Structure formats: C-alpha cells, structure tokens
Amino acid sequence: MTTGATTRAGRVSGLARVRGWFSKSAVQIVLVVVALFWMVPGIGLLVTSFRPLEKVAESGWWNTITSPGQLTTENYSNLLGNDTLVDAVINTLLIAIPSTVLPILLAAAAGYALAWIDFKGRDAVFLLIVAMLMVPLQMALIPVFRIFRTVGLSGIPAVVVFHTAFGLPFAVFLMRNYYAGLPKSLMEAARIDGASEWKIFYRIVLPLGFPAIASLAIFQFTWTWNDLLVALVFSGEQKPLMVFISNRLGQFGSGIDVITAGVFISALVPLGIFFAFQKYFEAGLLGGSVK
Amino acid sequence: MIALLFLAPALFVLGTLVVYPTIETIRLSFFDRFGEDFVGLDNYRRMFRLDRMRTGFRNSMIWVVVFPTFVTTVGLALAVLSEKVKWRSAFRVILFMPAAIAVLSSGIIWRFMYDADPGTGLLNAVANVPVAIFNPEGDYPGVAASHDGLIQEEPGDAISQVVEAGPDGGVALLGLLRLTDAAIPPEAVQAFVPTPAGSGTITGVVWRDTTPGDNIKGIVDPAERGIPGITVEIIDTSGTTVATIQSGLDGSFETSGLDPGTYRVEIPGSTFREAWGGINWLGEDLITLSAIIAGVWIWGGFALLVIAAGLASLPQETLEAARVDGATEWQVFSRVTVPLLKPIIAVVFVALTINALKMFDLIIGIAPGSVQDDANVIALEMWRTAFTGLGDRGMGSAIAVFLFVLILPILVFNIRRFRLEPEG
C-alpha cells in the first residue's frame, strides 16, 4: 500500500517535472526569438553603415555574411570629413549640456521649497506644476516662436531656453518627490542648529539629492540629444544631429550612406550613457513614465 | 518669503514659456494665419474639412486605440515570461536599447527593414523564402505573347494556342515578346518553321518573335532564334494534359499519336512568372500599421521594464498561496498577478497613450516623403501647418488646441490619481 502510493506520487511528480522542463524550454525559445527580433534591426543598420553605397542599393546587408570583403569605413570617413556633420555634433552638445544643467539647477531649488519649506498654497503650486507635465509642447511652439523673434533669440540659445522650460515640470516633480522622502529629523536638526534655509539646501539636501539629480541629468540629456521637433522649429542654421539627419531623409536614396552612419554616430552617445549609468537611466525613465 | 526665492526662477520660466504660451495658443487659434484678424471658429471648421488633416486625425485615432494596448500586452507578457529566466537582465537590456536612441533613428532603421524589395528589405526577404520555394520566379519572367492567335491574360501569365489536330496534323506557333536577346541561351539556333506532320501529330515552335525592323508577328523570320528547354503541355478539351514536351535548340517540339480533335498547346505560367515584388509595408495602405509595429519595438522595452519592476514588488506569499490552493499558472496570472498589477499597468498605458497622441519623429523617420500624407498624425500636421510652407499660425494653434483637448482627460486622470496617493 505504502509503496504503491509512493510510486504513484513519484510518477506524477516526474511527469510534472518533464512538463515543467518543456514549458520552461518553450519560454526560453520564445524569449530568444523575441530578443533576436529586437536586435536584428540595429545590427542591420550597423552593418549597412559599413557597406558601400552601390552595394546597399543592390543587395541586403545580410549578404555581408557571405562576402565580408565589401565592408568599408568609407561612410564614416566621408562623414567625419564633412564639416556640416562635425558642426552638427558640436551643436548637439551645445544644446544638450545647458539644456540639462539649467532645468536641474532651477528644479533642485524649487523642489526643496516645495518639499521642505512650509508656505501657503504650496500644494496648489506643486499640483499646477504636475499639470504642466502633461501639457504637450505643441501648445507653446507658436507663441514662444513669436516671443523669441521679438526678443531676438534664435539658434542654439533658443532651443536651450525652450528645453529648459519644458524640462522643468518633470525635473521639479522628481526632485520634490525625492526630497520629500528624506528623513524629516535631518532638516529639523539643522534648523535647530540655526542653519539658514540656503545652507540646509546647499550643504545637506543638494548632496543627498545626488541620485535623483543623476537620473534626471541622464534623462534630460538623452531627451534633448534625441529631440527633433524643438530643434526643427528653433535651431535655424545651427542644426543639431537630428535635424541634419532628417534633412538628409528628403534625399533618401542618394544620401543613404550618410544617413546610416549619421544615425549610428548619433546613437553612440545615448547608448554609451545607457550602458554606463543603467541604474540611473532606468530610474529616470520609470519616473518619467508620468510624462 | 524665503520659499519664494527658491521657487521664483522656476516659476518665472514656467510662467513665461509654458503657462502664457498655452493661453496664447488658445487665443491664436481664433485668429488668421498671421495672428492678426479674428476669424472665430473658422480654423476649427476648416481643420476638419481638409483631407490631409482628416487622414491625420484618423491615423491618430488608430494609434491611440491600437498602440497602447499592443505595447502594454507585449510588455506584460514578456515581463511575466522573463521573470523566472536566469538571463532576464540581459534580455531586458536588449529590449530596452531602442528606447535609448532617437525615435527618428528608430524610424529610419525600420524604413530599411520594411523595404519592399525582397533583395534589400529584410522582412520581405524573410517572407520571400516560402514564396521562392512554392512560387519561384520563372526562367523568362514577364514575357508576352507575340500575336493574336495566342491566348494570354496578362504578360507573365501562361501562353497557349488552340490547335486543330486534323488529318494532316496541327501546327502551333508560340511566339514570345519582351525578352532580350541575352536572355536566350547562347546555344539556341535559328527557329524551326513547323509544318503539318501527318495525322495525330502537333508540331510547333517556341521562339523570340522579333528582329530589328520586323513588324509582322506570328511568322518565323530569318535571324529569329528558337528558345530551347521550354516545357510545352498538350491539353485536350476535357482539360487533361496528354503530353508534356521540351522544346529543342531550334525551339521545335513535336508530339504524335494524338486522337483527332482540338487541343490547347500551352506554356505554363510558371515559366513566365515574375519575381515577387514583396509586401509594400511602406505603401499608403500599410504605413500606419508598419509604424505601429516599429513603435512596439521602440516602446516595448519601456513597458517591459516598468511592469517588471511592479512584478518584482508583488507580495510573493499571495502568489504562493494561490498556487498552494491548486490554481494553475494561468489562473495565478489572470486572477492574482494582473489585478495586483493594475495600477502599474495603468501608468504604462497612460504614458503610451500620450506618446501615441504626440507621435512625430517616428513618422518622419519611417514614412518616405511620398506617403507622409497617408501616415500623417495630429502632432506632425501641427508642425507642418504652422512651420512649413507658408506657415498658418492660426490653424496650427487650432490643431495644437485639439491635441491638448485629447490629452486633457489624461491630465485630469493623472492629477486625481496623484492627489489620492498619500505620499504627495
């Protein structure tokens, strides 16, 4: 009796194990296929960027598997010898760096006030800023364009000012929420010691806020580096990479070599940041999912 | 007072560059293209009448309905599937990479993937594999019949001739056009001139029925070469193939022993079948669907990551309790996991809906210039109307307001959700 029961139980668990093994392998296979689906387009572009123009027009990039001899760095050397592209890279940096620093500075201060200084209407102000998070920037393009024309702001500074304004709501939101999570006793102790609000902010809150600032910086830098719409409207002759690439799209066919290499060069920076600061990148993105 | 010092710079920037312009845009939407003359609701009325914009609104609605659901489902499925896999972090990094690069670049990457030519577009190259096995390109693609005595529906289809196999035998003249001299094998010689060969026979020739200066078709002229190796079928009135013959070096073929009667002499369509042109992913009919698929590739990793973070924070005891009670994995997923994840799924869904409404760079990247009108969406149309061509600021403002109105319910939803959260 006892033996029989044991055997039966053993058989059942054996069967379950086999079934479990199969469904586990099935899951693995599905995930491998999905991962391939996600990798192949990028690999295709990378390979294409190393192929000569005439080959790109006549055959697919996967042909390089059988004839790798056709690979060349020509597209890249053409691009790097192209002053417009080098200028575009510089312009992109000149846009992305201040567009990251400025909103963070403003938001770090504003976030502190909203989290730790009591004043009338604080919640209303914060709620208003949260509401601005979801105002599409299309709602501001035309009037801001007119304001900038009136005050004579154009090119890179115009793009930076616009990015600063539209980066602010999210930056304030993130900083305020991060500060609000800091222990209350810390501020109280400092205040009892007679530290000024400025000193508390500068000496205690700002350094403690580093993780939030890092996430924010990475999010905002990537966002402004990759931006097309704001740059199209405001950059004028000081074109950043995305405008450079989208202008070339008009000549798709003749300019494919430049486009593929340009796309790859423009992707290097955000991908590098992503791999170097993955933790902060994801934190910023998760926070940014309200945007 | 001190609070104001900390807040003032940010509030000044937000006031002048976000709040004021938002109100100003609403005002401008009631003015003409230069923002000078009041035109009432004209911009709004005109907006819904223009073809290009109607396409844009329709496409944006498709985006809003399909895209968030699609991406959230993919993200949820992959988050759950990858949860127990050892290499899940590598998997998630791979899926997230497209979210790091510019949306414009992703669009361009997919424009290459979607190329209609199976020779250069990967998706069509993959689709072409079964096509090449079951419907391969013929040896002489796109060939046309040369004279009125032949039957062919379209160039590239089967070519046949109805032949009477009488007491003297029948003759078939299968003249072909639209093939170059170079396409004919070099060993081919002067075409054979068929004559009746007696009772129960059909003799014929397959040849390139054209020479320079020749305007009479249907006759074998000197210097016209036969085409060897062509399969010719003799089919009787009941549709049965009674003989299958290959043409010789002079294009000749002959069959004998036929019962007297009428026959169809046919070169099957497979000989003339043209290479498959591929699915026109970037054509006007499929472009929005294709762009949405590219959108899944771009934002799927984002959905996966957010949902996976939610999944990791679920109370394991609850899931275990359900399993102990005998629930199957599917029941655990649908009755426990999903309901617990509802708040996080809502966050992802809302974020994707806003993305769908603001779609811009992807369309510019993926849609070739000639189909941009067909791929049009609200945000793209806003920019095109206000900042390209003559630049209609009034109409551009009206489109922006319309976009804002569509986002407004989400804004209200988010603020309400936000106020309900105890933390802030």
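Looking at A:Phe219, A:Phe210, which one is buried (at least 16 other Cβ atoms within 10 Å of the Cβ) and of a type outside the set (Val, Ile, Thr)?
On the way: A:Phe210 fails: buried (at least 16 other Cβ atoms within 10 Å of the Cβ).
Of the residues listed, the single one that is buried (at least 16 other Cβ atoms within 10 Å of the Cβ) and of a type outside the set (Val, Ile, Thr) is A:Phe219.
In region A:183-196, is there at least one residue being buried (at least 16 other Cβ atoms within 10 Å of the Cβ), part of a helix (DSSP H, G or I), in contact with a helix residue (DSSP H, G or I) (Cβ under 8 Å, 6 or more places away or on another chain) and within 12 Å of chain B (Cβ to nearest Cβ)?
No, the conditions are met nowhere in region A:183-196.
Of all residues in region B:8-37, which are farther than 20 Å from A:Val160 by Cα and outside any loop (DSSP other than H, G, I, E, B)?
Residues satisfying the conditions are B:Ile23, B:Glu24, B:Thr25, B:Ile26, B:Arg27, B:Leu28, B:Phe31.
Which residue is surrounded by the fewest Cβ atoms within 10 Å (Cβ to Cβ), if the candidates are limited to region B:279-294 and must be within 13 Å of chain A (Cβ to nearest Cβ) and under 22 Å from B:Ala351 (Cβ atoms)?
The qualifying residue surrounded by the fewest Cβ atoms within 10 Å (Cβ to Cβ) is B:Ile293.
In region B:118-138, which residue that is in contact (Cβ under 8 Å) with a residue 40 or more places away in the chain and surrounded by 17 or more Cβ atoms within 10 Å (Cβ to Cβ) is nearest to B:Ala182 (Cα to Cα)?
Taking region B:118-138 as the starting set, the residues that turn out to be in contact (Cβ under 8 Å) with a residue 40 or more places away in the chain are B:118, B:121, B:123-124, B:127-128, B:131-132, B:135-138.
Subset that is surrounded by 17 or more Cβ atoms within 10 Å (Cβ to Cβ): B:118, B:121, B:123-124, B:128, B:138.
Values: B:Pro118: 24, B:Gly121: 28, B:Leu123: 32, B:Asn124: 29, B:Asn128: 26, B:Gly138: 16 Å.
So the residue we want is B:Gly138.
Cβ-Cβ below 8 Å, separation at least six or inter-chain, first residue in region B:38-56 and within 13 Å of B:Gly396 (Cβ to Cβ), second of a type in the set (Asp, Glu): which pairs?
Short answer, once both residue conditions are applied: B:Met53/B:Glu381; B:Gly56/B:Glu381.
Test A:Ala131 against the stated conditions and say whether it is at pLDDT 90 or above, surrounded by 14 or more Cβ atoms within 10 Å (Cβ to Cβ) and within 8 Å of another protein chain (Cβ to nearest Cβ). Outline the logic, then answer.
Details: at pLDDT 90 or above: yes; surrounded by 14 or more Cβ atoms within 10 Å (Cβ to Cβ): yes; within 8 Å of another protein chain (Cβ to nearest Cβ): yes.
Against the criterion (at pLDDT 90 or above, surrounded by 14 or more Cβ atoms within 10 Å (Cβ to Cβ) and within 8 Å of another protein chain (Cβ to nearest Cβ)), A:Ala131 qualifies.
Looking at region B:255-275 only, could you name the residues that are surrounded by fewer than 16 Cβ atoms within 10 Å (Cβ to Cβ) and not in a helix (DSSP H, G or I)?
Once the filter is applied, which keeps residues that are surrounded by fewer than 16 Cβ atoms within 10 Å (Cβ to Cβ) and not in a helix (DSSP H, G or I), region B:255-275 yields B:Ser256, B:Gly257, B:Asp259, B:Pro260, B:Gly261, B:Thr262, B:Glu274.
So, in region B:1-34, how many residues would count as being touching a Lys or Arg at 6+ places or on another chain (Cβ under 7 Å) and buried (at least 16 other Cβ atoms within 10 Å of the Cβ)? Lay out the reasoning, then the answer.
Residues of region B:1-34 that are touching a Lys or Arg at 6+ places or on another chain (Cβ under 7 Å), as a first pass: B:28, B:33-34.
After this cut, where a residue has to be buried (at least 16 other Cβ atoms within 10 Å of the Cβ) as well, the list is B:28, B:33.
Total meeting the criteria: 2.
Would you call A:Leu45 part of a helix (DSSP H, G or I), modelled with pLDDT of 85 or more, under 19 Å from A:Leu241 (Cα atoms) and facing chain B (nearest Cβ under 10 Å)?
On the way: part of a helix (DSSP H, G or I): yes; modelled with pLDDT of 85 or more: yes; under 19 Å from A:Leu241 (Cα atoms): yes; facing chain B (nearest Cβ under 10 Å): yes.
Considered against the rule, which asks whether it is part of a helix (DSSP H, G or I), modelled with pLDDT of 85 or more, under 19 Å from A:Leu241 (Cα atoms) and facing chain B (nearest Cβ under 10 Å), A:Leu45 comes out as yes.
I need the helices (runs of 4 or more DSSP H) fully contained in region B:316-424, keeping only those with at least 2 residues that are hydrophobic (A, V, I, L, M, F, W, C), in contact with a Phe, Trp or Tyr (Cβ under 6 Å, 6 or more places away or on another chain) and touching a residue at least 12 places away in the same chain (Cβ under 8 Å).
Fully inside region B:316-424 and qualifying: B:378-387.
Restricting to region B:68-96, name every residue that is within 28 Å of A:Leu249 (Cβ to Cβ) and facing chain A (nearest Cβ under 7 Å).
B:Ile94, B:Leu95
How many residues, within region A:255-277, are more than 7 Å from chain B (Cβ to nearest Cβ) and in a helix (DSSP H, G or I)? Write out each step before concluding.
Pass one, region A:255-277, residues more than 7 Å from chain B (Cβ to nearest Cβ): A:255-258, A:260-262, A:264-265, A:268-269, A:272-273, A:275-277.
Then keep just the ones that are in a helix (DSSP H, G or I); that gives A:256-258, A:260-262, A:264-265, A:268-269, A:272-273, A:275-276.
Residues flagged as more than 7 Å from chain B (Cβ to nearest Cβ) and in a helix (DSSP H, G or I) within region A:255-277 amount to 14.
Can you pull out the residues in region A:83-105 that are facing chain B (nearest Cβ under 9 Å) and under 17 Å from A:Phe210 (Cβ atoms)?
Within region A:83-105, the first condition is being facing chain B (nearest Cβ under 9 Å), and the residues that meet it are A:102-103, A:105.
Selection gives A:Pro103, A:Leu105.
Among the candidates B:Asp51, B:Asp42, B:Asp37, which residue alone is assigned by TED's automatic domain parsing to the domain that holds B:Ala346, in contact with a strand residue (DSSP E or B) (Cβ under 8 Å, 6 or more places away or on another chain) and acidic (Asp, Glu)? Even if it seems obvious, please write down each step before you answer.
Working: B:Asp51 fails: in contact with a strand residue (DSSP E or B) (Cβ under 8 Å, 6 or more places away or on another chain); B:Asp42 fails: in contact with a strand residue (DSSP E or B) (Cβ under 8 Å, 6 or more places away or on another chain).
Result: B:Asp37 is the single residue among B:Asp51, B:Asp42, B:Asp37 that is assigned by TED's automatic domain parsing to the domain that holds B:Ala346, in contact with a strand residue (DSSP E or B) (Cβ under 8 Å, 6 or more places away or on another chain) and acidic (Asp, Glu).
I'd like the full set of residues that are surrounded by 17 or more Cβ atoms within 10 Å (Cβ to Cβ) and outside any strand (DSSP E or B), limited to region B:232-248.
B:Ser247, B:Gly248
Give the residue, chosen from A:Ala115, A:Ala212, A:Ala171, that is of a type in the set (A, V, I, L, M), in a helix (DSSP H, G or I), in contact with a helix residue (DSSP H, G or I) (Cβ under 9 Å, 6 or more places away or on another chain) and more than 11 Å from every other protein chain (Cβ to nearest Cβ).
Numbers: A:Ala115 fails: more than 11 Å from every other protein chain (Cβ to nearest Cβ); A:Ala171 fails: more than 11 Å from every other protein chain (Cβ to nearest Cβ).
On inspection, the qualifying residue turns out to be A:Ala212.
The values are calculated or read from the model by the stated rules, or taken from the named source; none is laboratory data. None of the values given here were measured: they were computed from a predicted structure. With ideal geometry, Cβ positions are generated from the backbone for all residues, glycine too; neighbour counts draw on all protein chains shown.
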